[in-house]
1. What pairs come up if the first residue lies in the stretch 152-168 and is in contact (Cβ under 8 Å) with a residue 60 or more places away in the chain, the second is open to solvent by 20 Å² or more (accessible area, probe 1.4 Å) and part of a helix (DSSP H, G or I), and their beta carbons are under 6 Å apart, counting only those six or more places apart or on different chains?
2. Can I76 be described as part of a helix (DSSP H, G or I) and buried (at least 16 other Cβ atoms within 10 Å of the Cβ)?
3. Please count how many residues of the stretch 254-277 are under 18 Å from the mean Cα position of the chain (by Cα) and open to solvent by less than 10 Å² (accessible area, probe 1.4 Å).
4. Among the numbered criteria (1) small (G, A, S); (2) buried (at least 22 other Cβ atoms within 10 Å of the Cβ); (3) free of Cβ contacts under 8 Å to residues at least 24 places away in the same chain, which single criterion is violated by A305?
5. Look at the stretch 140-186 and say how many of its residues are β-branched (V, I, T), within 24 Å of V267 (Cβ to Cβ), open to solvent by less than 60 Å² (accessible area, probe 1.4 Å) and modelled with pLDDT of 85 or more.
6. Answer yes or no as to whether W105 is of a type outside the set (A, V, I, L, M) and open to solvent by 30 Å² or more (accessible area, probe 1.4 Å).
7. Just a yes or no: is a residue in the stretch 6-19 surrounded by fewer than 24 Cβ atoms within 10 Å (Cβ to Cβ) and modelled with pLDDT under 85?
8. Condition check: touching a strand residue (DSSP E or B) at 6+ places or on another chain (Cβ under 7 Å) and either in contact (Cβ under 8 Å) with a residue 12 or more places away in the chain or open to solvent by less than 20 Å² (accessible area, probe 1.4 Å) (or both). Does P313 satisfy that?
Amino acid sequence: MPLSARVAAIFAAYFFGLGLFLPFFPLVLASSGLSAGEIGTLLAVPMVVRLAANPLIGAIVDRFGTPGRAIALLSIIAAIAFSGFFVAKSFLASALLLVAISIAWSPLMPLGDALAARVEREGKGDYGRMRLWGSVSFIVANVIGGVLIGEWTVTVVVGGIVVGLFAAGLAALTVSLPRVEVSENESVSIASPDLALAEVVDDASPPPVAAGRRRRGLGELLREGTFVTPGFLLVILAAGCAQGSHAAYYAFSALHWSQAGLSGTAVGIFWGVGVITEIALFAASARVRAVLGINGLLAIGIAGAVLRWLLFPLAEAPLSILLLQLLHGLSFGATHLGAVAFVARMAPPQWAGAAQGINSMVIGAVTALASAGAGYLYALGPMPAFVAMAGLAAAGGVFLLAGLVVARADARTR
């Protein structure tokens, strides 16, 4: 089986579990009698944990591990831990389980993205075409979950997530790429990363190699990594705001639509429709990126998120919900592609996992705050929660513009 197909299998298995978790796990928590505020707080727990877990574990894997074995080990640990939700009922038990689960589960996405980006960089596959199988699997899980939830909500959602994680672990064991090695007298750096950003350099070629001391730990990455610049961080923050603005959607769309009289099957279908637009974008990712560039992808994604969340609480009829779900390809898909491509372009290959971890850490920080806030805002009604999400996405546009301004100013001083 080609390497790209094995990586696609990892995405497919991982996203099957995620396709149950995002729309339906809040229903598992609600079935335990937890309030909207408690649900919002619990959904913020994984976001907080990944602030530390993702870059730290990414750096450890970059230094010591091979990507396939690391993904396999973390997937199996997460699956075992998630089984605890078959019996967990209280807020405290759920919070403790989510902390343990998130340490292993949260790093899987950036590690998978780094692995797929490396496969693409080595000419063995296309990131978008590998990643789209995750989206296909996500839709399948949406539909299966929507049909089966109800009396069997906990069994279907928790059991399906556990099965998906075990399958991701087995798929990852078939990937035998070694970690990137850099000699003692070499390190990878970018002569002017802000200049590259300012000029919208958008290709998959690795950065040039320059003489220097080898990077050895996450602390050295943060102190000396030439790609971690103000412009870099502002662009990542822009993507984080756009991604974080989905917090109310992840937490309360199923509840909102259920309260509007829609069935579980309809909820699953509407989630699936959104992801279909994401699949279409991923399938054409190379061509779209060539036309729009990294900044263009981020800008159009942010604009789509602002429009989507402003209209979301007003859409309760099936047709209006269906049309609005078409914006998911922009609000999530375009910003995700833009962020992953940006990090892969700017970061040295031997820091691929840690760099994607930094990206995930920033997204996690914003999403954690948004998730916690969305729970209390949604208690006041859907309108305050989703208008706040639109404002968060709009802030991402400000950060993207600021990143370009900082990059150009820095480039002129070099």
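1. Note: pairs meeting the criteria are T153/L27; T153/S31; V156/L148; V158/F86; I161/F21; V162/S83; G164/F16; A168/Y14.
2. Yes.
3. Going through the stretch 254-277 one residue at a time, the tally reaches 4.
4. Of everything listed in (1) small (G, A, S); (2) buried (at least 22 other Cβ atoms within 10 Å of the Cβ); (3) free of Cβ contacts under 8 Å to residues at least 24 places away in the same chain, A305 misses just condition (3).
5. Of the residues in the stretch 140-186, 5 are β-branched (V, I, T), within 24 Å of V267 (Cβ to Cβ), open to solvent by less than 60 Å² (accessible area, probe 1.4 Å) and modelled with pLDDT of 85 or more.
6. no
7. No, the stretch 6-19 has no match at all.
8. no
The values are calculated or read from the model by the stated rules, or taken from the named source; none is laboratory data. Owing to the predicted nature of the structure, the values given are computational and were not obtained by experimental measurement. Heads up, the Cβs are rebuilt from the backbone with ideal geometry, glycines too, and the neighbour counts pull from every protein chain shown. Side chains included, ligands, DNA and RNA excluded: accessible areas come from the protein's heavy atoms. Shrake-Rupley method; radii C 1.70, N 1.55, O 1.52, S 1.80 Å.
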